[in-house]
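Enquirer: Here you go, one structure.
The values are calculated or read from the model by the stated rules, or taken from the named source; none is laboratory data. The structure presented is a predicted model; accordingly, all values stated were derived computationally and were not measured. Note that we place each Cβ from the backbone using ideal geometry, even for glycine, and neighbour counts take in every protein chain shown. These area figures cover heavy atoms from the full protein model, side chains too; ligands, DNA and RNA do not enter into them. Shrake-Rupley method; radii C 1.70, N 1.55, O 1.52, S 1.80 Å.
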Amino acid sequence: MKIKLPIIGMHCASCAMRIENALKKTKGFISININLAAEYASIEFDESKTDADTLIKIIEDLGYKVSEGGTEAKARKKETSLIKRLFLISLIFSLPIFIISMPFMWLGITLPSSNLILFVLATPVQFIVGWRFYKGAWDALKTHSASMDTLVAIGTSAAYFYSVVVTFAPDIFGSEVYFESSAVVITFIMLGKWFEAITKGKTSSAIKKLIGLQPKTATVIRSNKEIEIPILEVVIGDIVIVKPGQKIPVDGIVISGHSFVNEAMVTGESMPVEKRKGDEVIGATINKNGTFKFKATKVGKDTLLSQIIKLVEEAQGSKAPIQRLVDKVSNYFVPAVINISVITFFIWYIVLHKEFYFALNAMVAVLIIACPCALGLATPTAIMMGTSKGAQNGILIKNASALERIHKVDTVVFDKTGTLTIGKPEVTDVVSFGKEDVLKYAAIAEKRSEHPLAEAILAKVKKVPEASSFKAITGQGISAKYNKKNILLGNRLLMKKNNVDFSFADKQIALLEKKGKTVMFLAINKKLIGLVAVADSLKADSKKAVQRLKQLGKDVYMITGDNKRTAYSIAKQLSIRNTLAEVLPKDKEKEIIKLQRTGKVVAMIGDGINDAPALAQADVGIALGAGTDVAIETGQIVLIKDDIRDVFTSIHLSEYTVKKIKQNLFWAFFYNLVSIPIAAGVLYPVIGFLLNPMVAGAAMAFSSVSVVSNSLLMSRYKKPRII
């Protein structure tokens, strides 16, 4: 069973690691994906060995809050409000501390009992506002780990308690206090956390927008009356009426009327789409100018919009391969910083014999300036924005691995039928070698078939008798029986297998195939009586898509079950040099493996049904199919519009997202690598500069905000035009 739990109170990657490590010890636990940026966890477990309540208790025992029953938005809002209040309280007390400690000191103004005044002002900040850091540090300690809270608690406590000793026992260390360091540091950190909470909320805005697309009510016909009901009460089979300007409430099929529908909010298609009887409509899209009725086919969680929301949420919670490396680094980060701070104090005070307060200042600065939050947020915030932008453009990216990997692909393999071509072939030629009605017998054989070519033949024959027997032979054709006549309809393989001679028709077959037509052989009682040629037109943008991918330096392949002549004819029109023809559906996977064994990184693009094994085998499987269940199941990326130009867009978006991830990680690592040595005092012997803990606190507070803000800039992403 899988559950999604909103978790309030996670600050950095070490928080996620603590939760994961605690749950791993639970019997029945299977897996967990924690989205630090969106603050939720997707947990899979064995219901026979544990339950949700047990898992929730484990998480809450670690010191985090788990909100259930759709209350997560309220919980996050409440948490953000609390952080804001704590920041304001901290600011009210810290401002006079700063004024007394800095401007007054610079101006030579001395207040009577100033240290005592500072103590009174700093104490509420340290123990009321700073209580969350002590609690977080204690919760981490109970699980033998450390977190950002540990760093803040140790650093501010060192400055505060040193100052307390100086205030009440000045003979021990002298009269210099550092209340401003502890109080102002906490104030800056709370300000940073407030901004972080606000910016983190914005990264999931795409999901909120998608959810907001859903209409609240629907007009249905029940008992021959039009009634308006809540959308949750719509059931499959309901007849729904949609008037101009209204949102379509659920997915369905038009049964009467005519209109144009704006589907941009779901598919990214900019132009309104014409809808007539028999056409599919998508819930949450907007009816433009006509009135029509449709039959509800998918409601609730089964609608395309609900599936999109579910997929985007899952993708945002998944981990990119690069994130696993960051998690490992973060796991050792806090203990390493604590060790560096202790070494810093030891070197300055014991080895170099500097004053106690000097060594303490450097130690506190090291603890405060280190920022594991920036490391923890660098990848998930960019992944959230990347998957959100994909969804807005009709590209469903099911996991972070696919988003990170697609731009590394060097070989793109397209299925032909339904992918590069329209997938609705038409009969173009009928060749007869006898008196029999070739189309009639072909239609009899195809009547019970679900193959796309069957539709083309059946469309040409009005009344089709029923065959007494029928058998579909994968990759070859059909065997049927009618009026004691054994009918074979299929390709060369079927004819050869049944010893049907077709050599006398070689010239006619070659002529048709040279034109890119698929030729079906019709035999009755093992005698070839005719040929049916079918052509499938290329999609309007197939050539543009292939050209753009080749411009990127990608090797483009076409794979098909069609014969070589037909396949090469289609490939020639698309300027595709690499053609894999006469490949059975079950063998497409083997062809992908062959390419991978040569060191190629392969993306497979198909319709998500016959191509399922190949899609699964490819490094990245890209499924077309207007969001069909099979496509969503098989492809790592789903192109909702069936527009293969979006393969290029997927690669472009991947490159853009990975670029943002690398920028975030660079600044997060660079910040820590540079700031920690500076805080430790490496510049002091050179230029006499020692970092003030207050400055360190401000830098730490805004480093994570800068990372999230950089990810938010991805909202400006524009889909590239392919002309």
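Enquirer: Please state the shape class of segment 511-597: rounded when a/c is under 1.5, otherwise prolate if a/b exceeds b/c and oblate if not, all from the C-alpha gyration tensor. Can you show the working numbers first?
Expert: On the way: a/c = 3.28, a/b = 1.61, b/c = 2.04.
Oblate, because a/c is 1.5 or more while a/b does not exceed b/c.
Enquirer: So, one more: Keeping all protein chains in place, calculate the accessible area per residue for the chain (probe 1.4 angstrom), answer in Å².
Expert: On a per-residue basis, the chain sits at 45 Å².
Enquirer: Express as a percent, rounded to the nearest 5, the fraction of DSSP beta bridges in the chain (both residues included) that run antiparallel.
Expert: Values: 72 of 91 bridges.
The antiparallel fraction comes to roughly 80 percent.
Enquirer: Of Ala153, Tyr684, Ala391, whose Cα points farthest to the positive end of the dipole of the chain (charges on the beta-carbon: +1 Lys, Arg; -1 Asp, Glu; origin at the Cα centre)?
Expert: Farthest towards the positive pole: Ala391.
Enquirer: In addition: Need the C-alpha centroid separation for segment 635-649 versus segment 392-424, integer Å.
Expert: Between the Cα centres of segment 635-649 and segment 392-424 lies a distance of 5 Å.
Enquirer: Continuing with this model, one more query. In deg cm²/dmol, rounded to 500, what helix-only [θ] at 222 nm does the chain give when every DSSP H run of at least 4 residues adds -39500 (n - 2.57) and the total is split over its residues?
Expert: So the helix-based figure for the chain works out to -15500 deg cm²/dmol.
Enquirer: Of Lys25, Lys78, Lys49, which has the most accessible area and how do the rest follow, probe 1.4 Å? Could the numbers behind the result be given before it?
Expert: On the way: Lys25 175, Lys78 150, Lys49 120 Å².
Per-residue accessible area, sorted high to low, gives Lys25, Lys78, Lys49.
Enquirer: Now a separate question. Give me the Kirkwood hydrodynamic radius of segment 536-689 in Å, from all C-alpha pairs, to one decimal place? It would help to have the intermediate numbers written out before the result.
Expert: Working: mean 1/r = 0.0549 Å⁻¹.
Kirkwood radius, segment 536-689: 18.2 Å.
Enquirer: Mind checking segment 426-495 for GluC sites (Glu not before Pro) that DSSP puts in a loop (not H, G, I, E or B) and that have at most 12 other Cβ atoms within 10 Å?
Expert: Here the sparse-neighbourhood loop sites are Glu450, Glu466.
Enquirer: Something else: So if I place +1 on the C-beta of Lys and Arg and -1 on the C-beta of Asp and Glu, and nothing else carries charge, what would the dipole magnitude of the chain be about its Cα centre? I want it in debye, nearest 20.
Expert: That gives the chain a dipole magnitude of about 2760 debye.
Enquirer: May I pose another question? Below 9 angstrom from the Cβ of Ile422, what's the summed charge of the other residues (Lys, Arg +1; Asp, Glu -1)?
Expert: Working: positive: Lys424, Lys539; negative: Asp536.
Computed value for this residue: +1.
Enquirer: What percentage of all Cα-Cα pairs in the chain are separated by more than 51 Å?
Expert: 31
Enquirer: Something else now. Calculate the translational D of segment 436-547 in whole µm² s⁻¹ from Stokes-Einstein, where the hydrodynamic radius comes from the Kirkwood formula applied to all Cα pairs, the temperature is 4 °C and the viscosity 1.567 mPa s.
Expert: 88
Enquirer: Follow-up question, since we're still on this one. Of Tyr134, Met604, Met190, which is farthest on the positive side of the dipole of the chain, counting Cα position, with +1 on Lys and Arg Cβ, -1 on Asp and Glu Cβ, and the Cα centre as origin?
Expert: Result: Met604.
Enquirer: Across bins of 5 angstrom width beginning at 0, how are the C-alpha pair distances of segment 319-445 distributed, in whole percent?
Expert: 2, 8, 10, 9, 9, 8, 7, 6, 6, 6, 6, 4, 3, 3, 3, 2, 2, 2, 2, 2, 1, 0, 0
Enquirer: Tally Lys and Arg at +1 and Asp and Glu at -1 over the other residues with C-beta under 15 Å from the C-beta of Val125: what net charge comes out?
Expert: The answer is +2.
Enquirer: Next question, about the same structure. Among Leu489, Gly553, Ala533, flag the residue with its Cα farthest along the positive direction of the charge dipole of segment 450-568, charges on Cβ as +1 for Lys/Arg and -1 for Asp/Glu.
Expert: Going by the charge dipole, the pick is Ala533.
Enquirer: If the only charges are +1 at each Lys and Arg Cβ and -1 at each Asp and Glu Cβ, what is the size of the charge dipole of segment 216-311 around the Cα centre, to the nearest 20 debye?
Expert: Charge dipole of segment 216-311: 160 debye, to the nearest 20.
Enquirer: Normalised by the number of residues in the chain, what is the relative contact order in percent for Cα pairs under 8 Å and 6+ residues apart?
Expert: 14
Enquirer: In addition: Determine the share of the chain's accessible area contributed by carbon and sulfur atoms, expressed in whole percent, with a 1.4 angstrom probe.
Expert: Within the chain, the accessible surface is 58 percent carbon and sulfur.
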